[in-house]
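*Asks:* My structure is below; once you've seen it, I'll send some questions.
The values are calculated or read from the model by the stated rules, or taken from the named source; none is laboratory data. As the structure is a computational prediction, the values presented were derived from the model and not from experiment. Here the Cβ is made from the backbone with ideal geometry for all residues, glycine too, and neighbour counts use every protein chain on show.
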Amino acid sequence: MKCKLCKALEKEKDKYLYEDDDIVVLPTKNLKGHNKRIMAISKEHVKNPSHLDEDEWILIFIQFCKGYFDEEPTFALCESTYATIPNHWHKIACDWKGNEDIKQLHFTPHRAINTYVRWNPDEDRNK
Ligand SMILES: [Zn+2]
């Protein structure tokens, strides 16, 4: 059985930023004032995947985000407390623009993740 979201995902294939066997990444419909706001969603209806799967999906999403938000020093990876997607595991990532949503972020479990480390010891060694 396909839920609304499954059908919506199929219709929005052209918007996919990333896709593998388990998850897709695409921009959220509502940017909420951010320049960039994207989400990773499980392709299957899996609300609570195994920890192994979830860890892997989060790592993949974080790796993707590091490239996607590369003009920012950090981005926010959020739990989906306020989201309205009942049947699929998902995580949201956004930049720190947009005052209204930043206020909401304070009430949403999230963490700031570095997009890159500025100091690279290898670079120094090659000089
Ligand atoms: Zn579904």
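*Asks:* When both residues are 6+ apart or on different chains and their Cβ atoms are under 7 Å apart, which pairs have a first residue that lies in segment 1-25 and is more than 20 Å from Lys47 (Cβ to Cβ), and a second that is outside any loop (DSSP other than H, G, I, E, B) and within 16 Å of the ligand (Cβ to nearest atom)?
*Replies:* As it stands, the answer is Glu12/Leu26; Lys15/Leu26; Tyr16/Val24; Tyr16/Leu26; Leu17/Leu26; Tyr18/Val24, since those pairs meet every condition given.
*Asks:* Quick one: count up the residues across segment 72-103 that are modelled with pLDDT under 90 and either closer than 15 Å to Ile41 by Cβ or exposed (fewer than 15 other Cβ atoms within 10 Å of the Cβ) (or both).
*Replies:* Residues flagged as modelled with pLDDT under 90 and either closer than 15 Å to Ile41 by Cβ or exposed (fewer than 15 other Cβ atoms within 10 Å of the Cβ) (or both) within segment 72-103 amount to 12.
*Asks:* Working only within segment 45-70, note down all residues that are assigned to a loop (DSSP other than H, G, I, E, B) and in contact (Cβ under 8 Å) with a residue 12 or more places away in the chain.
*Replies:* Matches in segment 45-70: His45, Val46, Lys47, Asn48, Pro49, Phe69, Asp70.
*Asks:* Testing Leu26 on (1) crowded, with 18+ Cβ neighbours inside 10 Å; (2) away from the ligand (no atom under 16 Å from the Cβ); (3) not acidic (Asp, Glu), one condition comes back false. Which one is that?
*Replies:* In the conditions (1) crowded, with 18+ Cβ neighbours inside 10 Å; (2) away from the ligand (no atom under 16 Å from the Cβ); (3) not acidic (Asp, Glu), Leu26 misses (2) alone.
*Asks:* OK, next. Considering only residues of segment 1-23 that are of a type outside the set (D, E, K, R) and in a helix (DSSP H, G or I), which is surrounded by the fewest Cβ atoms within 10 Å (Cβ to Cβ)? Reasoning before the result, please.
*Replies:* Step one: list which residues in segment 1-23 are of a type outside the set (D, E, K, R), which gives 1, 3, 5-6, 8-9, 16-18, 23.
Still in the running and in a helix (DSSP H, G or I): 5-6, 8-9.
Values: Leu5: 18, Cys6: 15, Ala8: 13, Leu9: 20.
By that ranking, first place goes to Ala8.
*Asks:* Here's another thing I want to ask about it. Does Lys7 satisfy the condition of being on the phi > 0 side of the Ramachandran plot and either in contact with a helix residue (DSSP H, G or I) (Cβ under 6 Å, 6 or more places away or on another chain) or within 16 Å of the ligand (Cβ to nearest atom) (or both)?
*Replies:* On the way: on the phi > 0 side of the Ramachandran plot: no; either in contact with a helix residue (DSSP H, G or I) (Cβ under 6 Å, 6 or more places away or on another chain) or within 16 Å of the ligand (Cβ to nearest atom) (or both): yes.
So Lys7 does not fit the description; no.
*Asks:* If you don't mind, another one. When you look at Gly98, is it of a type outside the set (D, E, K, R), touching a residue at least 60 places away in the same chain (Cβ under 8 Å) and either away from the ligand (no atom under 16 Å from the Cβ) or at positive phi (or both), yes or no?
*Replies:* Values: of a type outside the set (D, E, K, R): yes; touching a residue at least 60 places away in the same chain (Cβ under 8 Å): yes; either away from the ligand (no atom under 16 Å from the Cβ) or at positive phi (or both): yes.
Yes: the conditions hold for Gly98.
*Asks:* Only residues that are among the basic types (Lys, Arg) and within 14 Å of Asp95 (Cβ to Cβ): list them for segment 10-41, please. Before the answer, list the steps.
*Replies:* Step one: filter segment 10-41 for residues among the basic types (Lys, Arg), giving 11, 13, 15, 29, 32, 36-37.
Listed by number, the residues that qualify are Lys32, Lys36, Arg37.
*Asks:* Can you tell me how many residues in segment 33-55 are away from the ligand (no atom under 15 Å from the Cβ) and surrounded by 17 or more Cβ atoms within 10 Å (Cβ to Cβ)?
*Replies:* Summing the residues that are away from the ligand (no atom under 15 Å from the Cβ) and surrounded by 17 or more Cβ atoms within 10 Å (Cβ to Cβ) in segment 33-55 gives 4.
*Asks:* Same structure again: Going by the conditions given, is Leu31 in a loop (DSSP other than H, G, I, E, B) and touching a residue at least 40 places away in the same chain (Cβ under 8 Å)? Give the derivation first.
*Replies:* Numbers: in a loop (DSSP other than H, G, I, E, B): yes; touching a residue at least 40 places away in the same chain (Cβ under 8 Å): yes.
Yes.
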